[in-house]
Amino acid sequence: MLESDQVDVRISELYGKRIISNEGKMLGEVKGIMLNLEDGVVSHLLLTDAETFLKSSNPRNEIQKRSIAFKRVKKISETVIVGKE
């Protein structure tokens with residue numbers, strides 16, 4: 001989870017950032033954001049645009065394959081560093 005001093009990031013600043021595992025593996029780039037409207041928080045970083053999910057016959061499966069749960073985010077700077085699932 002993010003440290004408390006790093007949570008104040010504008011959603012617009014996340015778009016286009018590279019997502020890298022804490023082991024150094026490039027996982028993709030932030031193409032979209034999924035929000036949890038009930039809690040008012042980011043739930044997932046999308047590795048493809050949202051339209052891809054909407055066109056899919058199984059959107060839930062596509063989201064699992066092509067997104068990163070935001071709870072995995074460890075640090076946000078020029079890149080987004082994520083930990084294991």
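Which of these values of volume of the Cα convex hull per residue in Å³ was calculated from the structure shown: (1) 97; (2) 165; (3) 175?
Read-out from the structure maps to (1).
Compare the Cα positions of Val82, Gly16, Leu27 along the charge dipole of the chain (+1 at Cβ of Lys, Arg; -1 at Cβ of Asp, Glu; about the Cα centre) and return the one farthest towards the positive end.
Ranked along the dipole, the leading option is Leu27.
Which value in deg cm²/dmol, rounded to the nearest 500, describes the helix-derived mean residue ellipticity at 222 nm for the chain, given -39,500 (n - 2.57) per DSSP H run of n ≥ 4 and division by the residue count?
Working: 3 runs with 17 residues, N = 85.
Counting only the DSSP helices, I get -4500 deg cm²/dmol.
Would you work out the charge dipole size for the chain about its Cα centre, treating the Cβ of every Lys and Arg as +1 and the Cβ of every Asp and Glu as -1, and quote it to the nearest 20 debye? If you can, show how the numbers build up before the last one.
Numbers: 14 positive and 13 negative charges, 76 e Å.
Once rounded to the nearest 20, the dipole reads 360 debye.
Just for the chain, what percent of DSSP beta bridges are antiparallel, to the closest 5?
Working: 14 of 18 bridges.
Of the beta bridges lying entirely in the chain, close to 80 percent run antiparallel.
Every number in this text was worked out from the coordinates using simple rules, so none of it is lab data. Note that the coordinates shown come from a computational prediction; the quantities given were computed from them, not determined experimentally. No Cβ is skipped: glycine too gets one built from the backbone with ideal geometry, and neighbour counts run over all protein chains shown.
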